[in-house]
Amino acid sequence: MSDIIIISGSPSDTSRTKKVLDYLGTIVEQEGFSIKHISVRDVSKDILFEGAYDSPEIRSIATLIQNAKGVIIGSPVYKGAYSGVLKTLIDVLPQDVLKHKPVLPLMTGGSSTHLLALDYTLKPVLASLKAHNLKGLYFVDAQIDKQGEIPIIDVDTLKRTKKQLYYFMELAK
C-alpha cells in the first residue's frame, strides 16, 4: 500500500505537469510517506476508450486510491479545462473513490488566463468523487523549468506550493 497516490493527467511524458508532480513526490517521500505514481499514459487505451470500469486494471487503480492516505492530482489546461484523458480515467473510477480523502489538485497552463480552470473544472469533478479538496495550485509555464532539479523557479510560487504540500501531508497522516 502506498501512502500517497500521485496521478498525472498529462498525455505527455515530458510535460511541466509531470515535472512538478515528480518534484512534489520527492518532497513527500523525504517526509517519510511512500508514494505511487499513476499516469493516464500507463492506463490501457482500450480500457479508457471502452469505459471498462469493471476491468482488473481499473479495479486495481481504484483500490490503490481507496487505500491511500491522500492523492495529488495534476493536469495541464486544455481548452480551459483538465485533459480529456484524465476525464476519461475519472469517468471509469468508482463514484466514491476519493471519499474523505485529502486531495491536492494542481494544474499547469500557458498563462494566468486559465487560472479558474482549477476551481471551475478540476475541483468540482474531484468533489463529485467525494474528495476533501484543498485550495489547489496553478502554475504558468514561465514558473516551471523542465530541466531543473527544482522545477518551480518562482520563489513565491515555490513557497506557496510547499505550504500547501505540507498542509496536505498533515491531513494525510
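How much accessible surface area, in Å² rounded to 10, belongs to the heavy atoms of Asp42 with a 1.4 Å probe?
Surface open to solvent at Asp42 totals about 110 Å².
Per residue, how large is the accessible surface of the range 1-94? Use a 1.4 angstrom probe and give square angstrom.
Values: 4370 Å² over 94 residues.
Normalised by residue count, the accessible surface of the range 1-94 is 47 Å².
Taking the range 62-154, which trypsin sites (Lys or Arg not before Pro) meet the DSSP loop condition and have no more than 10 other C-beta atoms within 10 Å?
Details: sites: Lys69, Lys79, Lys87, Lys99, Lys130, Lys135, Lys146; in loops: Lys69, Lys79, Lys99, Lys130, Lys135, Lys146.
Answer in residue order: Lys79.
Nearest 20 debye, what's the magnitude of the dipole of the chain about its Cα centre given +1 on Lys and Arg Cβ and -1 on Asp and Glu Cβ?
Values: 21 positive and 19 negative charges, 83 e Å.
Using only the charged Cβ atoms, the result is roughly 400 debye.
Defining a contact as two alpha carbons under 8 Å apart and six or more residues distant in sequence, what relative contact order in percent does the chain show?
Values: 308 pairs, mean separation 42.8, N = 173.
The value is 25 percent.
Taking the Cβ of Tyr53 as the centre, find all other residues whose Cβ is under 10 Å away and add up their charges (Lys, Arg: +1; Asp, Glu: -1).
Numbers: positive: Arg59; negative: Glu50, Asp54, Asp91.
My count for the surroundings of Tyr53 gives -2.
Students sometimes get this wrong: rank Lys45, Lys18, Lys36 by accessible area, probe 1.4 Å, all chains present, largest first. Please report the intermediate quantities before stating the final value.
Numbers: Lys45 160, Lys18 55, Lys36 85 Å².
If we order Lys45, Lys18, Lys36 from most to least accessible, we get Lys45, Lys36, Lys18.
Expressed as a whole percentage, what fraction of the accessible surface of the chain belongs to carbon and sulfur atoms when a 1.4 Å probe is rolled over the protein heavy atoms? Display every interim value, and only then the final one.
Values: 4430 of 8600 Å².
Of the solvent-accessible surface of the chain, carbon and sulfur hold 52 percent.
Quick check on the chain: helices-only [θ] at 222 nm, where DSSP H runs of length 4 and up contribute -39,500 (n - 2.57) each and the sum goes over total residues. Nearest 500, please.
Numbers: 6 runs with 66 residues, N = 173.
Calculated at 222 nm, the ellipticity per residue is -11500 deg cm²/dmol.
For a quick check: with amide H placed at 1.01 Å from N, whose amide H comes under 5 Å from Phe139's, ignoring anything fewer than 5 positions away on the same chain?
Met107, Thr108, Gly109
Check Ser39: other-chain or 5+ apart residues with amide H under 5 Å from its amide H, H built from backbone geometry?
Amide H neighbours of Ser39, under 5 Å, 5+ apart: Ser8.
Any idea of Glu50's accessible area? Nearest 10 Å², probe 1.4 Å.
130 Å²
Any of Lys79/Lys173; Lys19/Lys79; Lys18/Lys163; Lys36/Lys79; Lys99/Lys159; Lys123/Lys162 with alpha carbons more than 25 Å apart? Name them for me.
Details: Lys79/Lys173 36 Å; Lys19/Lys79 21 Å; Lys18/Lys163 20 Å; Lys36/Lys79 28 Å; Lys99/Lys159 29 Å; Lys123/Lys162 20 Å.
Correct reply: Lys79/Lys173; Lys36/Lys79; Lys99/Lys159.
The values are calculated or read from the model by the stated rules, or taken from the named source; none is laboratory data. Note that this is a predicted model, so its numbers are computed, not measured. All Cβ positions, glycine included, derive from the backbone under ideal geometry; neighbour counts span all protein chains shown. To get the accessible areas, we keep the full protein, side chains included, count just its heavy atoms, and leave off ligands, DNA and RNA. Shrake-Rupley method; radii C 1.70, N 1.55, O 1.52, S 1.80 Å.
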